[in-house]
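The values are calculated or read from the model by the stated rules, or taken from the named source; none is laboratory data. Keep in mind that this is a model prediction, so the values were computed, not measured. Here the Cβ positions follow ideal geometry from the backbone for every residue, glycine too, while neighbour counts run over all protein chains shown. The accessibility values were calculated without ligands, DNA or RNA, using every heavy atom of the protein model including side chains. Shrake-Rupley method; radii C 1.70, N 1.55, O 1.52, S 1.80 Å.
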Amino acid sequence: MHLFYPRYHAQSFYRNTFLVDRPQQIARAEKSDREWNNLAESGCHFTCLAMIAGVDPATLADAAIKKGYYQPDKDLPARALDGKRGPLVWDQNVPARKGDAFTFPKVWHAGKGRLVDLQFTCRRWDDYVSLKAATRLIHDAILQGRHVVSGSFEHSVLIAGLSDDGPLVWDPDVERNSGAARRRLQAMVEGGLSLRAWGQHEKVRKFTVVEYELSAKA
């Protein structure tokens, strides 16, 4: 078993960190899961990017706001706090196309002890692939030194390591209201939740695999 990252975060613990550029854009979707545009309910992929970069998700969100990263989703109508209707503004998993890059400027990186520009480049994005194909893609990406976000079309998880049972995941949607949920959290902390087991638990048969390269420049 080998884990890739020194620290992990749970989107569930960031209910007051919103994925918007302006306070008046805080809103709740009117369909689907009726999620708020905060990290806790809408930030699984974004939290994975923060863990890859080694920064706190709220810190990365602050840098994203300065760059105008969050955009309206025309397919998801929402109602803002003032009652006005419009498309939900949130993270849309950018960069999402092969070769596309996005830079988060002047991010405080506590581990490095300085401000850095974090650039993510999408090298590959595959949807609706089998567990066998996803495992192969993940192994190939890791051999090339890339970071991988996987999961399903609806929810993202971080590929956090490798084991004899296949890729290991960190699911940022951490629950803490039951003994079973806390045991699952502990299993992830100890590096014991495989992508296979995660898929069985979430009833996922087709997986998403996103490959990123990251550069950090002072």
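Table for the structure above
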item: Percent accessible area from carbon and sulfur atoms, the chain, protein chains only, probe 1.4 Å; result: 49 percent
item: Prolate/oblate/rounded label for the range 110-186 (Cα gyration tensor, a/c 1.5); result: oblate
item: Accessible surface, 1.4 Å probe, highest first, among residues 210, 189; result: 189, 210
item: Karplus (6.51, -1.76, 1.60) ³J(HN,Hα), θ = phi - 60°, over the range 153-161, in Hz, Gly and Pro reported as x; result: 4, 8, 8, 9, 10, 8, 6, 9, x
item: For residue 43, distant residues with modelled amide H under 5 Å away; result: none
item: Descending principal axes extents, the chain, alpha-carbon based, whole Å; result: 52, 41, 32
item: For residue 152, residues with placed amide H under 5 Å, excluding near neighbours; result: 157, 208
item: Which listed pairs, of 74/206; 31/217; 31/206; 67/98, have C-alpha distances above 30 Å, in listed order; result: 31/217
item: Per-residue SASA entry for residue 5, accessible area with 1.4 Å probe, Å² rounded to 10; result: 30 Å²
item: Point-charge dipole on Cβ atoms (K/R +1, D/E -1) for the chain, about Cα centre, debye to 20; result: 200 debye
item: For the range 196-201, 3J(HN,Hα) per residue [Karplus equation, 6.51 cos²θ - 1.76 cosθ + 1.60, θ = phi - 60°, Hz, x = Gly/Pro]; result: 4, 5, 4, x, 5, 5
item: Accessible area of residue 109 in the full protein assembly, 1.4 Å probe (Å², nearest 10); result: 20 Å²
item: Under-5 Å amide H pairs with residue 161, H placed in peptide plane, nonlocal only; result: 4, 168
